[in-house]
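Input: a single structure, listed below in structure tokens.
Nothing in this text is a laboratory measurement; each read-out follows from the coordinates by a stated rule. Computed from a predicted model, the values in this text were never measured in an experiment. Positions of Cβ are backbone-derived with ideal geometry, glycine not excepted, and every protein chain shown enters the neighbour counts.
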Amino acid sequence: MKELIRSKVWLSLLALLAILSLWDWPPASVLAANPIVEENQQPGSSDWVLLKPANDVDMQIKGYASATSVNLGGAITFYVSVSPAQNFTVEIYRMGWYDGAGGRLMQQIGPLNGAKQPAVTLDAATGLITAPWS
């Protein structure tokens, strides 16, 4: 009796396997689509690496952003001070693998009119730096 049940189970599994092999399955790449993997396959650039960055001693250009990161479609504000007043451009990079390049240029803005902003203040008790820039 056990042999008969065992045979029926194997026969059922074989029939199921035969039916599934005829099924029109989508390619594995469609099933396993990963937005991070797809994004990292985009062409990258290492231009985000600053080889000769401006410095605070020469007071060339300073800036900060209203956020360290934003979601797709989100807004971010940049606060910039240049001395002397001059035009500047902003390049926005998305950081990632990008075949080892480390980033991808998403947008270039400018040239923009730059101005010297008020000096920053330092709270000695907390170490908080405030830059009241527009």
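Toward the positive end of the charge dipole of region 36-130, with +1 on the Cβ of Lys and Arg and -1 on the Cβ of Asp and Glu, the farthest Cα among Gln108, Gln60, Gln41 is that of Gln60. Which residues does the label zone of Ala54 cover in region 80-98, counting backbone N under 18 Å from a point 7 Å along Cα→Cβ? Counting only backbone N, you get 80-93.
Jot down the per residue volume, in cubic angstrom and as a whole number, of the convex hull over the alpha-carbon atoms of region 36-130.
Cα convex hull per residue, to the nearest whole number: 142 Å³.
Were the residues from Ile61 through Ala85 laid out at 0.36 nm apart, the gain over their Cα-Cα distance would be 7.7 nm. Under a 5 Å amide H cut-off, with hydrogens placed 1.01 Å from N, Leu112 pairs with Phe88, Thr89 among residues at least 5 apart or on other chains.
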